[in-house]
Structure formats: C-alpha cells, structure tokens
Amino acid sequence: MPFIQYVTEADAEGQVAEVYDAWLKANPERDSVPEILKCFSLRPDFLKSVIDISYPMQFSDGHLTRRQKEMIATLVSALNQCPY
C-alpha cells in the first residue's frame, strides 16, 4: 500500500488548520478529518478546493439522492478493496 505524507490535526497550522477546523465544524458528527482529505493537506489551497467542489456534488441531492451516491461509493470502494 502506498504511503502518502499528510498533516495530522494535531500538527496542523495556518491554512491547513483553518480548513480542518471548518470541515470539523461542518461535520460535527465526525471526530477527525478523513484520511482521504488529509492526503491533500500538503497543498492546503488544493485541499480547500477539493472540499469546495466535491462536497456539494457528493453530499447533496441531484439526479441521484445522497443515499444512492453513498451506495455507489460503497460498492466502488468494496470492489477496489479500499477502506474508505
């Protein structure tokens, strides 16, 4: 499995800390930032852009409901043997 260096919440400073804090406030049911997002933390500008672009597409209803999108994501992750 490849290793991707990232910034943990405990080590986050500056813009990374701001993005992590905003994400945690927007997701109060979560106690940590998912590692799939942390992999962008070395480029905090890109991390923010990923969240700003992907979250409205993934976590809102459109042609597919959020539930349908989550079911597709779960299937794809299982097929890829991905822990996410």
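Quick rundown of the values:
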| quantity | calculated |
| --- | --- |
| Shape box of region 14-59 [Cα atoms, principal axes, largest first, Å] | 24, 22, 16 |
| Fluctuation leader among Ile51, Ile72, Ile36 - the chain, Gaussian network, Cα springs under 10 angstrom | Ile72 |
| Loop GluC sites (Glu not before Pro), region 2-42, which have at most 11 other Cβ atoms in a 10 Å radius of their Cβ (DSSP) | Glu13, Glu29 |
| Answer label, with Rg/Rh (Cα atoms, Kirkwood Rh) calculated from the coordinates and candidates (i) 0.99; (ii) 0.95; (iii) 1.21 | (i) |
| Amide H within-cut-off set for Val7, under 5 Å, with H built and near neighbours excluded | Ser41, Leu42 |
| Lys, Arg +1 and Asp, Glu -1 on Cβ, resulting dipole of the chain about Cα centre, debye, nearest 20 | 360 debye |
| Mean ellipticity per residue at 222 nm, deg cm²/dmol - from DSSP H runs of n ≥ 4 across the chain, formula -39500 (n - 2.57) | -17000 deg cm²/dmol |
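None of the figures in this text is laboratory data; all of them are computed from the coordinates on show. Treat the numbers as computed from the prediction; the structure is a model and nothing was measured. We place every Cβ from the backbone using ideal geometry, glycine too, and count neighbours over all the protein chains shown.
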